[in-house]
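Notes for the one structure printed next.
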Amino acid sequence: MDDLTDPTLAMTFAHLYATTILLRGLAAKGIYPTVDPLDSMSTMLQPRIISEEYYETAQRVKQTSQHYKELRDIIAILWLDKLSIEDHFIVARARKNERFLSQPFFEKSLLDLQGKMLVLQKQFRGFNSSFSKN
């Protein structure tokens, strides 16, 4: 179902702790899972629950993704050449984050992709390093 305004979905979402939105565009690029970090949400994403450090990193990922989403129209029309240096960094960082979020889970999937066990702290440090390097 693609209509998020459907009354059935709206009533269901009101009773959930999280909402996961999947993007067909990510599937078209071959990026799985196809979770949209901007429109997906969780009531558990609060500093008092997941720690201030994790919360800040999640917010920076969302801000970078939002800025990249805004730049995509400009890129489609004018190409990357017309972007400022800072915008180039944001595009590179957002694309890196997009790939980072698509790391394979350890489960049997319909795509027959081999899953990997990931260490949380290592992945978290990887995300943080993407923000500190320009």
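The values are calculated or read from the model by the stated rules, or taken from the named source; none is laboratory data. None of the values given here were measured: they were computed from a predicted structure. All Cβ positions, glycine included, derive from the backbone under ideal geometry; neighbour counts span all protein chains shown. All accessible areas refer to the heavy atoms of the entire protein, side chains included, with ligands and DNA or RNA removed. Shrake-Rupley method; radii C 1.70, N 1.55, O 1.52, S 1.80 Å.
Values computed for the structure shown
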read-out	value
Tally, over segment 30-39, of residues that are closer than 14 Å to Asn97 by Cβ and open to solvent by 50 Å² or more (accessible area, probe 1.4 Å)	1
Residue among Leu45, Leu110 that is aliphatic (A, V, I, L, M) and either at pLDDT 75 or above or in a helix (DSSP H, G or I) (or both)	Leu45
Residue among Lys62, Lys69 that is closer than 13 Å to Leu101 by Cβ, out of contact with any helix residue (DSSP H, G or I) (no Cβ under 7 Å at 6 or more places or on another chain) and among the basic types (Lys, Arg)	Lys62
Candidate set: segment 40-52, residues that are surrounded by 13 or more Cβ atoms within 10 Å (Cβ to Cβ) and either touching a residue at least 24 places away in the same chain (Cβ under 8 Å) or not hydrophobic (A, V, I, L, M, F, W, C) (or both); chosen: the one farthest from Glu98 (Cα to Cα)	Pro47
Flag if Ala18 is loosely packed, with under 14 Cβ neighbours inside 10 Å and either under 28 Å from Arg125 (Cβ atoms) or not aliphatic (A, V, I, L, M) (or both)	yes
